[in-house]
Amino acid sequence: MGTIKCIGILTSGGDAPGMNAAIRAVTRSAIYNGLQVKGIYRGYKGLVTGEIQEFKTQNVSNIIQLGGTILKTARCKEFKTPEGRKAAYENMQKEGIDALVVIGGDGSLTGARILAQEFDVPCIGLPGTIDNDLYGTDTTIGYDTALNTILDAVDKIRDTATSHERLFFVEVMGRDAGFLALNGAIAAGAEAAIIPEFNTEVDQLEEFIKNGFRKSKSSSIVLVAESEITGGAMHYAERVKNEYPQYDVRVTILGHLQRGGRPTAHDRIIASRMGVASIQALLEGQRNVMIGIENDKIVYVPFTKAIKNDKPIDRELVNVLKELSI
Ligand code: ADP
Ligand code: F6P
């Protein structure tokens with residue numbers, strides 16, 4: 001493996017607030033350390049088709065405060081095939097890119113792991129997803145902003161829920177992970193969270209009704225993680241209509257508004273720290289790791305560990321929500 005002179009950077013999968021702060025940090029830190037930087041557009045798609053541009057420090061000026069990603073993002077089917085990855089590798093060679101920094105969720109990091117394995121390319125991953133579902137890091141870029149967006153929405157829904165004495169199911173994102181729903185429920189003072197992790201363990205609707213709905217309150221808000229496993233908010237609203245017709249039930253699906261907006265201070269800081277750490281990692285000879293933050297310290301998490309292990313839900317959080325929702 002020769003020395004690294006030029007890095008490529010891309011954002012892939014679902015966008016997340018703070019991706020721009022990460023692009024800025026990776027670019028500036030690379031240039032600071034004497035490396036050349038190439039921006040790859042539209043995730044792996046741009047690597048396969050050669051949509052690549054040299055990035056100077058001014059290419060990343062004025063973006064730290066912006067949601068979305070200036071590099072654009074995409075989901076790329078071709079990259080899932082050996083032919084697609086070969087084309088991507090050939091474009092890397094053509095552009096003189098010696099190493100890749102990939103900002104994305106577990107699908108994007110899986111792609112990086114496979115490319116690294118097949119072509120011996122050094123790859124570093126940054127966890128960029130609102131879902132917070134990557135193992136080995138306490139938090140992911142975009143998660144804090146999405147949580148705050150959920151709070152803004154639920155605070156507003158609470159006004160109408162209280163006035164009409166209604167039961168609201170608010171569906172939040174998470175792609176089969178309950179972090180946004182559970183922590184969103186705690187922070188919003190909601191009565192319950194229905195999450196995929198506990199779907200087979202208990203009937204979460206029955207638990208919620210049994211634990212006190214309508215004992216001390218005339219309205220209620222339940223956050224439901226969007227997932228085929230839970231069936232989502234509509235499924236629970238239907239169940240209430242059939243099983244507890246005395247309750248006046250409504251559904252709000254927050255959808256993609258959770259992916260947008262100005263990143264919070266927390267997301268800008270972790271994106272900046274992780275971006276700088278990705279260049280440090282490459283210079284130290286680290287390969288095929290995701291940069292994480294655990295107990296406020298940067299850690300290197302091997303791709304296999306970050307992707308393959310399911311990040312566990314902290315039972316203490318479940319208990320906090322239960323005790324405080326009486
Ligand atoms: P996220 O990174 O947000 O989890 P996806 O799961 O949609 O998003 O993955 C983003 C992209 O990563 C995919 O469109 C594909 O290009 C690449 N990718 C995902 N899984 C694989 C895989 N098994 N092999 C190769 N590339 C993959
Ligand atoms: O992974 C981020 C995420 O927003 C998930 O929470 C959600 O399930 C999914 O992406 C939605 O994807 P799409 O952009 O295809 O609608």
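Residues whose amide H lies under 5 Å from that of M290, counting only those 5 or more places away or on a different chain, are G125, V301, F303; hydrogens are built 1.01 Å from N in the peptide plane. Each semi-axis of the equivalent ellipsoid for the range 1-89 is √(5λ) with λ an eigenvalue of the Cα gyration tensor; in descending order they amount to 22, 18, 9 Å. The Cα center of the range 157-231 and the Cα center of the range 68-141 differ in position by 34 Å.
In sequence order, the range 168-178 has phi-based couplings of 10, 9, 10, 8, 10, 7, x, 6, 6, 10, x Hz under the Karplus curve 6.51 cos²θ - 1.76 cosθ + 1.60, θ = phi - 60°, and Gly or Pro positions carry x. Let me test this: with uniform point scatterers at the alpha carbons of the range 201-269, what is the Debye-based log₁₀ I(q)/I(0) at q = 0.29 1/Å? Computed log10 I(q)/I(0) values: -1.51.
Put simply, the C-alpha atoms of the chain give a gyration tensor, and the ellipsoid matching it has half-axes of 41, 18, 17 Å, longest first. For the pair the range 237-266 and the range 1-60, the centres of their Cα atoms are 36 angstrom apart. What shape does the range 240-314 have by the C-alpha gyration tensor, where a ≥ b ≥ c are the square roots of the eigenvalues, rounded means a/c under 1.5, and otherwise prolate means a/b greater than b/c and oblate the rest? Prolate is the answer for the range 240-314, as a/c is 1.5 or above and a/b outweighs b/c.
Per residue, the average separation of C-alpha pairs within less than 8 Å and at least 6 apart gives the chain a relative contact order of 23 percent. Taking a ≥ b ≥ c as the square roots of the Cα gyration tensor eigenvalues, the range 150-195 comes out prolate, since a/c reaches at least 1.5 and a/b is larger than b/c. Near the amide H of Q36, within less than 5 Å, lie the amide hydrogens of C6, I7, all on another chain or at least 5 residues away, with H placed in the peptide plane.
When its C-alpha radius of gyration is set against 2.2 N^0.38 Å (N residues), the range 105-245 gives a value of 1.24. In terms of its C-alpha gyration tensor, the range 51-115 has an oblate overall shape, because the principal axis ratio a/c (a ≥ b ≥ c, square roots of the eigenvalues) is not below 1.5 and a/b does not outweigh b/c.
Coordinate-derived values only; no laboratory data. Small disclaimer: the values here were computed from a predicted structure and weren't measured.
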